[in-house]
Amino acid sequence: MIETERKRQTLEAADFPRPPHTRIITVTNQKGGVGKTTTSVNVAAALASRGANVLVIDADPQGNASTALGIPHHAGTPSIYDVLLDDEPLSKVAQRCPDIKTLWCVPATIDLAGADIELVSVVRREFRLDTAIKELLEGAGRNLDYIIIDCPPSLGLLTLNAMVVSTEVMIPIQCEYYALEGLTQLIKTVEMVKKHLNPGIHVSTIVLTMYDARTNLAREVASEVRTHFPEQTLEQTIPRSVRVSEAPSFGQTVMTYDAHSTGAVAYLAVAKDIAERGLAKATQGGQS
Ligand SMILES: Nc1ncnc2c1ncn2[C@@H]1O[C@H](COP(=O)(O)OP(=O)(O)O)[C@@H](O)[C@H]1O
Ligand SMILES: [Mg+2]
């Protein structure tokens, strides 16, 4: 615990560089329960708690990200559904997170459950979110540093809409059996999007979640992921932590629920890595 606290203090004192342009990050993995939502909301909260302006877009009909950020999302609440299907501007449906003043959320309601099918017959069906985000960034959202999109556990039109507007894909991987199964399909989808819909996209980050260093299996999976994706996989892993799983039932992220817990400190470290990597990339891009 002393070590965790020391690490937290170092991170609290560290600089979290803000990006020169809004970074749009899709958080995806077609497997359920691997930590997509937990990673989306906690990385967002960590970045926002260090001064960044962050918008989380909840693109999963379950609405778990909305819950974790303390945002009402009962049926009928203006939500991402209205943006995708009825051209409602994002700025009209975004709500400010009660705990962190630079954090916003576009909620998802159960209405979104039909959207993957309803979108099929809509014009420019893969570009609905792209259009909405571009409009947002020209207006009320011009000072956003990050837009983080929490995807459902599928590679349907909702996930495709997220990928079309993102430059970065972040993949949470739970270190258990079958962790890599499905990853090939996911990478193929990103490649397909890159080729046909959005040349700017790339897998930027892989986060190992619910990691238990005491088990051989977790260590083996982690090492296999690092072998395949040495550049993308973050050194910092997220440990299994009761505080992380408790936080959503209080409508909070672990960053405000228990900032001193191992889970919160791990997510703060992940957020710092993400902030720094993005900056390194932006600088490299500027030089070339
Ligand atoms: N680091 C963690 N420690 C403990 N429980 C976790 C952790 N990360 C996620 N969980 C729990 O695992 C479940 C699945 O996580 P979630 O983020 O909802 O996954 P996904 O969005 O990929 O379906 C949730 O109940 C969540 O609270
Ligand atoms: Mg989820």
Within the accessible area of the chain, what % is carbon and sulfur when the probe is 1.4 Å and the other protein chains stay in place?
52 percent
Just the accessible area per residue of the stretch 81-194, please: how many Å² with a 1.4 Å probe?
44 Å²
Can you compute the helix-only [θ] at 222 nm over the chain? Use -39500 (n - 2.57) per DSSP H run of at least 4 residues, normalise by all residues, nearest 500 deg cm²/dmol.
-13000 deg cm²/dmol
Could you derive backbone 3J(HN,Hα) for the stretch 252-266 from the dihedral phi with the Karplus parameters 6.51, -1.76 and 1.60 (θ = phi - 60°), listing whole Hz in sequence and x where the residue is Gly or Pro?
9, 8, 5, 4, 9, 5, 7, 5, 8, 6, 4, x, 5, 5, 5
Zero-based 5 Å bins, Cα pair distances in the stretch 179-268, whole percents:
3, 13, 18, 17, 16, 15, 12, 6, 1
Which whole-number value in Å² is the accessible area per residue of the stretch 215-288, probe 1.4 Å?
52 Å²
Could you name the lysines whose alpha carbon sits less than 24 Å from that of Lys92, not counting residues in the same chain fewer than 8 places away?
Lys101, Lys134
Label-point separation (nm) for Glu138 and Thr227, each offset 7 Å from Cα along Cα-to-Cβ?
4.9 nm
Determine the percent antiparallel among the DSSP beta bridges restricted to the chain, to the nearest 5.
5 percent
FRET E, pair Thr215, Val242, Förster distance 22 Å, beta-carbon r, rounded to 0.05
0.80
Tell me, in nm to one decimal, what length is gained between Ser249 and Arg96 on full extension, where the rule is 0.36 nm per residue of separation less the Cα-Cα distance?
53.2 nm
Label-point separation in nm, Thr10 to Ser154, each point 7 Å along Cα→Cβ:
4.4 nm
Net charge within 12 Å of Ser154 by Cβ-Cβ distance, Lys/Arg positive one each and Asp/Glu negative one each, not counting Ser154 itself?
0
Return the distance in nm (one decimal) between the two label points of a simple spin-label model at Val122 and His74, each offset 7 Å from Cα along Cα→Cβ.
2.5 nm
When the chain is fully extended, how far beyond the present Cα-Cα distance does Ile187 get from Arg277, taking 0.36 nm per residue of separation?
30.3 nm
List the extent of the Cα atoms of the chain along each of their three principal axes, largest first, rounded to whole Å.
53, 41, 38
Hey, what did the stretch 162-288 get for relative contact order, percent, Cα under 8 Å, at least 6 apart?
21 percent
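The values are calculated or read from the model by the stated rules, or taken from the named source; none is laboratory data. Keep in mind the model is a prediction, meaning the values are calculated, not measured. Reconstructed Cβ throughout: ideal geometry from the backbone, glycine too, with neighbour counts over all protein chains shown. Surface areas here come from the heavy atoms of the whole protein model, side chains and all, with no ligands, DNA or RNA. Shrake-Rupley method; radii C 1.70, N 1.55, O 1.52, S 1.80 Å.
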